[in-house]
Amino acid sequence: MHTPDRNQDLTSGLASSEPEAPAPDPNDSTGKKRRITAVFWIALGIMGLLLGLSIALPEQFARVTKGATSLITTQLGWYYLLLVSIIVIVCTLIAASPMGRVPLGDHGESPRFSRGSWIAMLFSAGMGIGLVFYGAAEPLILFASHTPNADPGTIAALRDAFQYSFFHWGISAWAVYGIVALAIAYFRFRKKERSLVSATLKPLIGDKADGPIGSIVDAITAVATIIGVATSLGLGTIQINGGLNYLFGVPMSTEVQLIIIGVATVLYLGSAMSGLTKGVQFLSNANVVIAVILLAVIMVVGPTAQIMNVVTSTIGSYVQGFVNMSFDVAPFHEARHKWIESWTIFYWAWWIAWSPFVGVFIARISRGRTIREFLVCVLLVPTAFSCIWFAAFGSLSTNAQIAGANLASMPVDTMLFATLAEYPLGPILSVVALILIASFFVTSADSATFVLGMITENGSLTPRPTTKLVWGLLLSAIAAVLLLNGGLNALQDVLIICALPFSLIVVAMTVALVKELNHERRAMGLFFFPQALPTEDKPFRSYDDDEPETADLPEWVQTESDSQPGSGAADEQAAADAGTASTDEPRDARAPEPHQA
């Protein structure tokens, strides 16, 4: 995944919408030299502390993180399930509401990318190291060993394996991404605010979003992004090592993994520092093409009919059991409760930690789309692709297991390559998969350095090279240290811990977004068709505007409060009865009066 470059931003992305009368940029306070913001130092301090503790006290750090993870999953598992379920409901209601017709931009503004290009880019957002890592492994593991319900190796276990794979990588995950992306895009393109998470909280905290509270929010966002991306880089490193071991006999060792991280770091930092965005963007687009070709070949060499049968049948069981899976914490079944903690809770934490990273990407390509089109496509398009991917690779691995290959006993990082070896063109497909993982590693890390630079430089679309260098090195260092101190389990533990504070920010973003959408609906008088529209230079903002004038609303929805003392309608009527003429000029419904900050 690679975000659009600066030139594309100027015409179609976040940089194409400038804030109304922007305050002086702290990054450019001298007018000549940009300064690092407090967000940078707060985030760097937190990550430096975590990194230092994990190096100086590895055993104690691992013990503390393991204990904290156990506490969170045991005591707050219900919170993660409830939060993600509520987000799905909110996304559905927003899409179905009258505000679904509102564009992410000015009224009458056309989308900046064709629907085909936009959907293709959503595919790129949906693809990543995790999908390649778990595509063959998760259905196999859930079928042969760590089953959610049924006995391992049974038909019921196979059915559950695909159903939960679809569930973990489906609509729930994309609802989390979607709500964060929608908030960023809505406040950037519609409200003309900066492209920062803190700016989306202005309906709740007002100008405090531009002060210390906003800096803390953005710092937490940066930390969650670092941990989320570092986890993916760690997964990619493990699987690249596993592929090299399986195909070429390269040892599975921490030394080899450190070399892999080092080579990848040189590649993505070289791109980030040199500004070779076109090359990396080409590589990013090529990732999607390679992934689609790999999937198509798998569909041909594998059991094609069975794959499509799995897709069709599992979508049905997924839809049928969606509500139950979304809210099921298994309080009366200890073994199943532990399984939910290990799988579903981990995934929900991962999606929350990744949401600012993916959210920025989706927001940047979605200007001009209506809110309804945005949510429907973001929730359904990547979900459909993920379902097909898991059906294809999962069918290959589970079929080979049933045939006696015993893939389930292998390390998770080699399951993909061992699976492909059981089918025609196996060695060639394994090499292609290895190249795809490495390419995802480089492009994801390159994009992450930009997003982190933007977050920690007050939303700057041209973050300083030194800022990107710091975050790029820190990403690799975190991935390396966690791999050295515990491997995949250490990555998962830190991810679950860091996702918790950002989940509270996601809650606040969701509340702020709903509040602002409702304010704009009332200001426009939008029930079926809007009675008033904001102007390009003066959007409707709940944190700037007075309560909407009842003159802006259809007569049949005016409330009794319109006749109460202090309301605009009552005051005008009282003035008319007294025979006095108002000295105030008429207020244009399309251009509300500016308010003092």
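The values are calculated or read from the model by the stated rules, or taken from the named source; none is laboratory data. All values derive from a computational prediction rather than experimental measurement. Methodologically, a virtual Cβ is constructed for each residue, glycine included, from the backbone with ideal geometry; neighbour enumeration extends over all protein chains shown. To get the accessible areas, we keep the full protein, side chains included, count just its heavy atoms, and leave off ligands, DNA and RNA. Shrake-Rupley method; radii C 1.70, N 1.55, O 1.52, S 1.80 Å.
A few points about this structure:
- For the stretch 34-524, the square roots of the Cα gyration tensor eigenvalues, ordered a ≥ b ≥ c, give a/c below 1.5, which places it in the rounded category.
- The simple Förster model, with R0 at 45 Å and r as the Cβ-Cβ distance, assigns LEU469 and LEU504 a FRET efficiency of 0.90.
- Label-point separation, ASN309 to LEU484 (7 Å along Cα→Cβ), nm: 5.1
- Efficiency of FRET from Cβ geometry, VAL511 and SER409, R₀ 41 Å, rounded to 0.05: 0.30
- FRET efficiency, 1/(1 + (r/R0)^6) with R0 22 Å, evaluated for ILE293 and SER117 via beta carbons: 0.70
- Overall, the accessible surface of the stretch 34-524 at a probe of 1.4 angstrom is composed of carbon and sulfur to the extent of 69 percent.
- Full extension of the chain segment joining VAL266 with PHE248 gains 4.1 nm, where the gain is 0.36 nm per residue of separation less the Cα-Cα distance.
- Rounded, prolate or oblate (a/c below 1.5 giving rounded, otherwise prolate when a/b exceeds b/c) for the stretch 59-183 by Cα gyration tensor: prolate
- A probe of 1.4 angstrom, applied to the heavy atoms of all protein chains, finds MET299 with accessible area near 30 square angstrom.
- Summing charges over all other residues whose Cβ lies under 15 Å from the Cβ of ASN245, with Lys and Arg as +1 and Asp and Glu as -1, gives -2.
- Dipole check for the stretch 34-524: with +1 at the C-beta of Lys and Arg, -1 at the C-beta of Asp and Glu, and the Cα centre as origin, the magnitude is about 1540 Debye.
- When you filter the trypsin sites (Lys or Arg not before Pro) in the stretch 169-258 for DSSP loop state and at most 11 other Cβ atoms inside 10 Å of their Cβ, nothing is left.
- Neighbourhood net charge (13 Å Cβ-Cβ; Lys/Arg +1, Asp/Glu -1) for ILE345: -1
- Taking 0.36 nm per residue of separation and subtracting the current Cα-Cα distance, fully stretching the chain between LYS208 and ASN324 would add 37.8 nm.
- Surface exposure of the stretch 210-310, expressed per residue as accessible area with a 1.4 Å probe, stands at 41 Å².
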